[in-house]
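Comments concern the structure below.
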Amino acid sequence: MRTQVGIVGAGPAGLMLAHLLHLQGIESVIIEARSRQYIEERVRAGVLEQGTVDILNRTGIGERMRKEGLLHHGIEIGFQEKRHRIDMTDLTGKAVVVYGQHEVVKDLVNARLGSGGKIVFNVEQVSIHRLNDEHPVIHFSENGTLEQLHCDYIAGCDGFHGICRQSIPEGALTVYDRIYPFAWLGILADAPPSQEELVYANHERGFALYSMRSPKVTRLYLQCDPAEDIANWSDDRIWSELLTRLIGVDGWQPNQGPILQKSVTPMRSFVVEPMQYGRLFLAGDSAHIVPPTGAKGMNLAIADVRVLAHGLAAYYKSGNSETLAAYSETCLRRVWKVQRFSWWMTSILHRFPDANSFDQRRQTAELDYVTSSEAGARSLAENYVGLPLNLAN
Ligand code: FAD
Ligand code: DHB
């Protein structure tokens, strides 16, 4: 099999890349380890930055998002039992849309298959070769048959645990890493949201987040120990902890309902530099991970592939690979700013086990500053709605 760009992984990064390339007349094939049903049902991120919303709309796949997505103009930050609103639209002129990552994945899969694109699901034994050659190749097996996909470039969009980053020789990459001493216990509840906007709460028992997926389904998270066994968390215990952390002096609380799904997600910050090796380009979680506070993971994955598609389009149109060669540098400037924001949101909202009383007072002062100073609030809002993506020429 032969194509122009071989893409490993059908997450938001791989699917969006294939879609953008198709619009530029560039062929690609995606190979994916899981089934179509699995990737379309996997519940993960839920907040789309303005730039992500715009690119979905501009490239013709925003129709369902416009109908079903929930437009949010602000967020609330809770501490010391009071909630403070940050009006993002007032401060930046932009907004975010709450629309599940798996819905974006569904829309992208439909668009790809609807326009004759090729996604090979359920592949096994994936490996990539000849990365420094003009014609790299992806080996995989489909239904027990070994296949080879010959291409001009490979996009490693296979997430944090994928094989692409791991196929780069040791010493070619530098890793920057931080592991946090807590995790998020996340639930999806069959309960209508009790207010429109998200609430990020810093409570003495730990962080809690109130979010949603639709007018009928609430999404909530609790800071917990990374080694926490989900089996120790009965539905009653989860609701009791959520209510303790989220209820404000005004009596607001989330609606309760049957818990549809629960899981524990560890938290880390991780970046590799550069995001390229020979003809392999890493994009999304295969190159970097952010802690979830601030909802940047999927947005960052989409931003990477916009840069990559731009570079590939320039190359295929004019034979000039300068823009493509700048891929890693262009992405990393923004990646590090998003890393900074996700780390900062995490650091102001969570309880750190080793924090002393000075750290505690300083953290409260920081929350007070951000929610009472227009300059402080604007900085948060500017990052939350998404920093601009500066595509060079
Ligand atoms: P992925 O979405 O991970 O896609 C990679 C794809 O590659 C997968 O479909 C995988 O099956 C496939 N793959 C892997 N290995 C191979 C292989 N060898 N061959 C072929 N295919 C392969 N972000 C937020 O902003 N908010 C959240 O609430 C949030 N919650 C999360 C919860 C969990 C459990 C996880 C893991 C992540 C969460 N994230 C969240 C992060 C966000 O979902 C990711 O940043 C986003 O999915 C990145 O997209 P991606 O396309 O780079 O990678
Ligand atoms: C969600 C996840 C986040 O990490 C966040 O900051 C806000 C919302 C969510 O899953 O809804």
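Bear in mind these aren't lab numbers, they're just calculated from the coordinates by the rules spelled out. The shown structure was predicted, so the numbers you read here are calculated from the model rather than taken from an experiment. Note that each Cβ is placed from the backbone with ideal geometry, even for glycine, and that neighbours are counted across all protein chains shown.
What is the helix-to-structure angle for 297-318, meaning the angle in degrees between its Cα long axis and the longest Cα principal axis of the chain, kept from 0 to 90 and rounded to the nearest 10?
Approximately 30 degrees, to the nearest 10.
Sum up the charges of everything whose Cβ sits under 15 Å from the Cβ of Gly159, counting Lys and Arg as +1 and Asp and Glu as -1, but leave Gly159 out. Write down the numbers at each step before the final one.
On the way: positive: Arg34, Arg42, Arg44, Arg165, Arg268; negative: Glu32, Asp158, Asp285, Asp304.
Spelling it out: positives minus negatives among the neighbours equals +1.
Over 31 Å apart: what share of the alpha carbon pairs of the chain falls there, rounded to a whole percent?
Value for the chain: 38 percent of Cα pairs lie more than 31 Å apart.
For region 178-266, compute the orientation-averaged projected area of the C-alpha convex hull (one quarter of its surface), in nm². Let's see the in-between values first.
Numbers: hull surface 23.4 nm².
Here the figure is 5.9 nm², rounded to one decimal.
Rank-order 316-323, 252-259, 51-58, 305-312 by packing density, defined as the average count of other C-beta atoms within 10 Å over each peptide's residues, highest first. Each step should come with its number before you reach the end.
Working: 316-323: 13.4, 252-259: 15.6, 51-58: 19.0, 305-312: 25.0.
In descending order of packing, they fall as 305-312, 51-58, 252-259, 316-323.
Cβ under 13 Å from Lys262's Cβ, Lys262 left aside: what net charge do those residues give with Lys, Arg +1 and Asp, Glu -1? Mind dumping the intermediate values first?
On the way: positive: Arg219, Arg237; negative: Asp190, Glu228, Asp229, Asp235, Asp236, Glu241.
Within the 13 Å Cβ shell, the charges total -4.
On a C-alpha basis, how far is the centre of region 263-313 from the centre of region 189-223 in Å? Whole number, if you could?
Between the Cα centre of region 263-313 and that of region 189-223, the gap is 26 Å.
Provide the gained length on full extension for the span Asp190 to Ala355, in nm with one decimal, where the gain is 0.36 nm per separating residue minus the Cα-Cα distance.
On the way: separation 165, 0.36 × 165 = 59.40 nm, distance 3.58 nm.
Once the chain is fully extended between Asp190 and Ala355, it gains 55.8 nm.
Measure nothing but the geometry: give the 0 to 90° angle between the long axis through the Cα atoms of 327-349 and the longest principal axis through the Cα atoms of the chain, rounded to 10°.
Once rounded, the angle reads 20 degrees.
Can you list, largest first and rounded to whole Å, the semi-axes you get for region 227-333 by taking the square root of 5 times each eigenvalue of its Cα gyration tensor? Don't jump to the answer; show the numbers that get you there.
Numbers: eigenvalues 375, 45, 28 Å².
The equivalent ellipsoid of region 227-333 has semi-axes of 43, 15, 12 Å.
So between Arg378 and Lys67, what do we pick up on full extension, going 0.36 nm a residue minus the alpha carbon distance? Each step should come with its number before you reach the end.
Details: separation 311, 0.36 × 311 = 111.96 nm, distance 2.87 nm.
Gain in length upon complete extension: 109.1 nm.
Taking 0.36 nm per intervening residue step and subtracting the Cα-Cα distance, what contour gain separates Met1 from Ala172 on full extension?
On the way: separation 171, 0.36 × 171 = 61.56 nm, distance 2.91 nm.
Contour length minus the Cα-Cα distance gives 58.6 nm.
Do the alpha carbons of any pairs in Lys118/Lys317; Lys67/Lys337; Lys67/Lys216; Lys67/Lys106 sit beyond 25 Å of each other, and which pairs?
Working: Lys118/Lys317 22 Å; Lys67/Lys337 32 Å; Lys67/Lys216 15 Å; Lys67/Lys106 15 Å.
Exceeds cut-off: Lys67/Lys337.
Roughly how tilted is helix 101-114, in degrees to the nearest 10 and between 0 and 90, from the longest Cα axis of the chain?
30
Using a/c under 1.5 as the rounded threshold, could you call region 323-393 rounded, prolate or oblate? The axes a ≥ b ≥ c are square roots of the C-alpha gyration tensor eigenvalues, and prolate needs a/b larger than b/c, oblate otherwise. Please list the in-between numbers first.
Working: a/c = 4.68, a/b = 2.00, b/c = 2.34.
Cα axes put region 323-393 in the oblate bin.
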